[in-house]
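Values in this text are rule-based calculations from the coordinates and carry no lab data. Predicted, not measured: the structure shown is a model, and the values here were computed from it. Please note: Cβ atoms are built from the backbone with ideal geometry, for glycine as well, and neighbour counts cover all protein chains shown.
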Amino acid sequence: MRDFAVDYLRLTKDEGYNWGFIKSLLMSTADTAIITMQDILDLDSEARMNTPSTLGGNWAWRLSDINVLTDDLAAKLLKITKTYSR
């Protein structure tokens, strides 16, 4: 399934798989597009918000270091949201 997603969405390691997924989401015809901060920041599974079929510990993730919210990141998000009229 991973290989299919990489091919279908034309994901590249250079762009970052997370940004490829984000672009694909924003270019969709869906009325609403929700992107998690974990995806924007390209965080690994340690930052999961929810683990299905588990009790406790879910929905507790919080952004603890606001220094990761840079002007460059804001500019990248602005550009991509304008590009896809979001």
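Summary of computed values
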read-out	value
Where labels lie 7 Å past Cα in the beta-carbon direction, separation of Thr12 and Glu46 in nm	2.9 nm
Under 13 Å from Lys79, Cα to Cα: aspartates and glutamates that are on another chain or at least 8 residues apart	Asp71
Assigned charges on the beta-carbon of Lys, Arg, Asp, Glu; the chain dipole about Cα centre (debye)	260 debye
Alpha-carbon Rg with Dmax, taken over the chain, Å	14.4, 40
Charge sum, other residues only, whose C-beta stays under 12 Å from Leu78's C-beta, Lys/Arg counted +1 and Asp/Glu -1	+2
